[in-house]
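Remarks on the structure that follows.
Read the figures in this text as sums done on the coordinates, not as results from a lab. Please read all numbers here as calculations on a predicted model, not as lab measurements. Backbone-built Cβ (ideal geometry, glycine too); neighbour counts: all protein chains shown.
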Ligand code: GH3
Ligand code: MG
Ligand code: MG
Ligand code: MG
């Protein structure tokens, strides 16, 4: 069980690797049946400013994953009672991709095929025990850097840069994931937004979009709120249509009553909304059909005087 600590022997080459930035955001799950090994790993990880959670076998590991959906990395031993690490890795991969949760496999076995077995089951990397502490740190940092890069790419591809809301691409990618039940869509557009830009400049307009986005998110933290383009937004909500419409109208009123401060000036805005309901699954071009109805209703809201919801 003694883990080889030869950090001193390499310290003349490179200083002990430490990853100080951004680590607090990573939560690591350590799965090993040996308490001694677990504590050694936890100690190594906590020195890297990581938050650590533990489990003593694969089944417990799965339970911890359910309890902590924000785990970004798993370090798992293979040789454990109840569920071994390779089976555990395979099962985690049925739900989470390599980019969602990184897995580092460990084993004290003398079986040289262990590396391939772990990688085939879906692990990102593997180390034989006992391991060199600095090699462990190097692999850990490599995995976390990859994770940070893929998280960043995901955000860049799916989030709107100005407001932080989901973008159109993400909105469409989520529709197929809704398997059943009522699903509602609202299209909304800021009224006379050109005037805001004309009067307060483009920066004033941008400030309005950012603050408005916060308000939309506050009102619909249980729904997908996306910026579709310019000053056009879309909300997708699962639940009763009447509840959706009540909440939309409450939000519309809140927007009307909420002053937006820009450079010491107060900007007031209103929004027009068109809402529609459908039933999942939204296969084929059903999403497009619903969006087109919501868009027509938004158009009518504009025609009938703006600052209103049509459903
Ligand atoms: P309506 O009530 O009919 O919607 O009137 P409107 O003035 O809002 O008309 P429209 O929707 O056509 O105008 C959208 C304007 O939004 C035009 C464009 O210059 C501006 N816009 C689009 N994207 C951005 C952005 O990212 N920032 C800012 N500041 N303005 C934007
Ligand atoms: Mg073991
Ligand atoms: Mg507009
Ligand atoms: Mg518009």
## Note on the structure
By Cβ neighbour count within 10 Å, fewest first, 308, 227, 112 rank 112, 308, 227
### Query
Which of 245, 234 comes first, and how do the rest follow, when ranked by fewest Cβ neighbours within 10 Å?
245, 234
### the chain, helix-only ellipticity at 222 nm - DSSP H runs n ≥ 4, -39,500 (n - 2.57), divided by all residues, nearest 500
-14500 deg cm²/dmol
### Query
For helix 133-158, what angle does its Cα long axis make with the longest principal axis of the chain, in degrees from 0 to 90 and rounded to 10?
10
### Query
Nearest 0.05, what FRET efficiency do residue 303 and residue 161 give at R0 = 25 Å with Cβ-Cβ as r?
0.20
### Segment residue 27-residue 253, extension gain: residue separation times 0.36 nm, minus the distance between their alpha carbons
77.3 nm
### Query
Based on the alpha-carbon gyration tensor of segment 86-146 and its eigenvalue square roots a ≥ b ≥ c, which shape applies: rounded if a/c is under 1.5, prolate if not and a/b is larger than b/c, or oblate?
oblate
### Query
So what are the three principal axis dimensions of the chain from its Cα atoms, in whole Å, longest to shortest?
76, 45, 26
### Task
Could you work out the per residue convex hull volume over the alpha carbons of segment 195-311, in cubic angstrom?
103
### Query
Relative contact order, percent, of segment 62-164 when contacts are C-alpha pairs under 8 Å separated by at least 6 residues?
24
### Message
Angle check, please: helix 241-257 long axis (alpha carbons) against the longest principal axis of the chain (alpha carbons), in degrees 0 to 90, nearest 10.
### Response
70
### Task
Determine the gain in length on full extension of the stretch residue 149-residue 174; use 0.36 nm per residue of separation and subtract their C-alpha separation, reporting nm with one decimal.
6.8 nm
### Summary
For the chain, the longest principal axis of the Cα atoms and the Cα long axis of helix 286-303 enclose an angle in degrees, to the nearest 10, of 40
### Query
For the chain, what proportion of DSSP beta bridges, expressed in % and rounded to the nearest 5, is antiparallel?
55
### Query
Which of the peptides 78-85, 176-183, 102-109 is most tightly packed, and how do the rest follow, judged by the mean count of other Cβ atoms within 10 Å per residue?
102-109, 78-85, 176-183
### Task
Sort out for me the Cα centre separation of segment 61-82 from segment 180-210, rounded to whole Å.
43
### Evaluated at q = 0.13, 0.23 Å⁻¹: base-10 log I(q)/I(0), Debye formula over Cα of segment 158-233
-0.42, -1.10
### Task
Specify whether the C-alpha gyration tensor of segment 112-211 places it in the rounded, prolate or oblate class, a ≥ b ≥ c being the square roots of the eigenvalues: rounded for a/c under 1.5, otherwise prolate if a/b is larger than b/c and oblate if not.
oblate
### Message
On the principal axes of its Cα set, how long, how wide and how thick is segment 30-157? Give whole Å, largest value first.
### Response
42, 31, 28
## Note on the structure
A chain fully extended from residue 215 to residue 113 at 0.36 nm per residue, minus the present Cα-Cα distance, gains in nm 31.3 nm
### Query
Fewest first, what order do 150, 97, 213 take by the number of other Cβ atoms within 10 Å?
97, 150, 213
